[in-house]
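Down below is the structure, laid out as structure tokens.
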Amino acid sequence: MKLEISLFRFDKDSDYLPYYTKHFLTLKDEKNLLDILKRIHENEEFSFLDSKDSIFVVNKKFLFGLTALEDIIKIFGKDLIIEPISIKRAYKDFLINEDDFYSKFEILERFCSSEDNTFYINQKIYYYASNTLRYKEKYIGDALLLLASKLIDENSDKRSDILKILKEQKYGASFHTNLKNRVLNFDTNIEDNIKSIQEELNFLKDFNEKTIKFEDIQIDFNLKNSFKNFNIALYNKDSKFDTFLEKFEANFINLENLDLAIKSFFINPKLTYFVASQILLSAFDEGADFLVVFNNDDFFIFNNKLKEIEKISNREIPLPIIHISELQMLASGDFDKAKKSFKNHKINPRII
């Protein structure tokens, strides 16, 4: 089996911008990602941490160096892009400045033992995997929220003091975005523990914005119009629609499922607008004709809050948003119903 690998390279002392080197590797007895990196290193030296604790990013997913190569290939295929856990903080290839991570520990250090310090260090992957860091570098980080959850569970008498400190943080728990789609083989208990802290701080609330009521879609329908030669971006795709989408002849662009943090929208809407701008700009820059969403809340954010999204990104994003039920209307030839629905859109798709 042969792998095609794009390897991140950067030296702050000699390079103005990062670059990637191509490596075509015929597998021998490599068992994990670290084995791959060591094999490449034999032919072309570069800097990385050869340790059981090393963390990398492969095709936008955070994972440990000891992750089985079999699992990586099964999920990502044979074309891999390998990057450090923070491109912005990289100073020599995969080595990064981690001062930001260790400085956040100081917020709760007074409550911690040496074992707690070790626990915090072991949560490093969740700190750097957070998409929030692209928005606010000063975010206290998911590793600290996990530490807080542990401390409260083990020391209930410290609960009020810890929660008070967390509530005082300008870029605290209300800035959390879900890690599920950011970390490979993610343990959902991690998200539950962070959510428990957010609930303790009253930072979560059901989304109560008025959304459009779309019709339920029919998985089985008579396809009258295909979308051949269309580039259709999909956000937060529901797997139950896989068979439905197979009927189309479009080029589908599967976007990274970044969390819009809708449950904390009431207290931190700018975070949602920022993430939404990342998604829309990614779709627009990849040449999408329109973006398809699969639930009413996502439609509301991308459509109804477009001005706010454009303002935070400082860029116009003239990309139509289509709900999955509207896509079915178009495909089945129900154009009158589609035209009526499109009147609720900030940007009319104008594809009928």
Open item on the list: At 37 °C and a viscosity of 0.692 mPa s, what translational diffusion coefficient does Stokes-Einstein give for the stretch 291-350, taking Rh as the Kirkwood radius over Cα pairs? Give it in µm²/s as a whole number.
Closed with: 273
Task: Virtual paramagnetic centre 7 Å along Cα→Cβ of Lys170, amide N under 20 Å, in the stretch 141-156 - done: 141-142, 144-145
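In the stretch 245-344, which chymotrypsin sites (Phe, Trp or Tyr not before Pro) are in a loop and have at most 16 other Cβ atoms within 10 Å, using DSSP for the loop call?
Phe266
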TODO: Mind giving me the FRET efficiency for Asp153 and Thr243? R0 is 30 Å, r the Cβ-Cβ distance, nearest 0.05 is fine.
DONE: 0.10
TODO: Considering only Ile87, Ile301, Ile194, give the residue with the highest GNM mean-square fluctuation for the chain, with springs between Cα atoms whenever their separation is below 10 Å.
DONE: Ile87
Task: Dipole moment magnitude, nearest 20 debye, the stretch 95-211 about Cα centre, only Lys, Arg, Asp, Glu C-beta charged - done: 460
Task: Of Thr132, Thr243, Thr177, the one that fluctuates the most in a GNM where the chain has Cα springs shorter than 10 Å - done: Thr243
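When 1/r is averaged over all different Cα pairs and the result inverted, which Kirkwood radius in Å belongs to the chain?
22.5
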Open item on the list: Can you compute the charge dipole magnitude of the chain about its Cα centre, using +1 on each Lys and Arg Cβ and -1 on each Asp and Glu Cβ, nothing else charged? Give it in debye, rounded to the nearest 20.
Closed with: 1200
TODO: Can you list which of the trypsin sites (Lys or Arg not before Pro) found in the stretch 2-91 are DSSP loop residues with at most 15 other C-beta atoms within 10 Å?
DONE: Lys12, Lys28, Lys31, Lys52, Lys60, Lys78, Lys88
TODO: Taking every Cα atom in the stretch 1-154, find the radius of gyration and the maximum pairwise distance Dmax, and write them in Å.
DONE: 17.0, 52
TODO: Pull out the extension gain between Ser160 and Ser226, defined as 0.36 nm times the separation in residues minus the alpha carbon to alpha carbon distance; nm, one decimal.
DONE: 17.9 nm
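DSSP loop (so not H, G, I, E, B), at most 12 other Cβ within 10 Å: list which chymotrypsin sites (Phe, Trp or Tyr not before Pro) in the stretch 1-47 pass both filters. Let's see the in-between values first.
On the way: sites: Phe8, Phe10, Tyr16, Tyr19, Tyr20, Phe24, Phe46; in loops: Phe10, Tyr16, Phe46.
Taking the stretch 1-47 and a limit of 12 other Cβ atoms within 10 Å, the loop chymotrypsin sites (Phe, Trp or Tyr not before Pro) found are Tyr16.
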- [ ] Between Ser264, Ser325, Ser113, find the one with the highest GNM mean-square fluctuation for the chain; connect C-alpha pairs within less than 10 Å.
- [x] Ser113
Task: Extension reserve of the Lys343-Glu106 stretch, reckoned as 0.36 nm per residue once the Cα distance is removed - done: 80.1 nm
Task: Estimated 222 nm signal from helices in the chain, with DSSP H stretches of n ≥ 4 weighted -39500 (n - 2.57), rounded to 500 - done: -10000 deg cm²/dmol
Open item on the list: So for the stretch 106-152, considering every pair of alpha-carbon atoms, how many percent are separated by more than 11 Å?
Closed with: 65
Open item on the list: Restricting to bridges with both residues inside the chain, how much of the DSSP beta-bridge set is antiparallel, in percent to the nearest 5?
Closed with: 55
TODO: Only Lys, Arg, Asp and Glu count, each charged at its Cβ (+1, +1, -1, -1), so figure out the dipole size of the stretch 171-298 about its Cα centre, rounded to 20 debye.
DONE: 220
Task: Whole-Hz couplings from phi, Karplus 6.51/-1.76/1.60, listed for the stretch 191-196; x for Gly and Pro - done: 5, 4, 5, 5, 4, 4
Open item on the list: Under a crude label model (7 Å from the Cα following the beta-carbon direction), how far is Asn314 from Glu115 in nanometres?
Closed with: 4.9
TODO: Once you have the Cα-Cα distance between Glu44 and Asn296, take 0.36 nm times their residue separation minus that, and quote the gain in nm to one decimal.
DONE: 85.7 nm
TODO: Would you please give the residues with an amide H less than 5 Å from that of Ile322, counting only those at least 5 places away or on a separate chain, with H modeled from the backbone geometry?
DONE: Leu291, Val292, Val293
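Quick note: the coordinates plus some simple rules give every number you see, no bench work behind them. Predicted model, so just to flag it, every value in this text is computed and none were measured. When we count neighbours, we look across all protein chains shown, and the Cβ atoms used for this are built from the backbone with ideal geometry, even at glycine.
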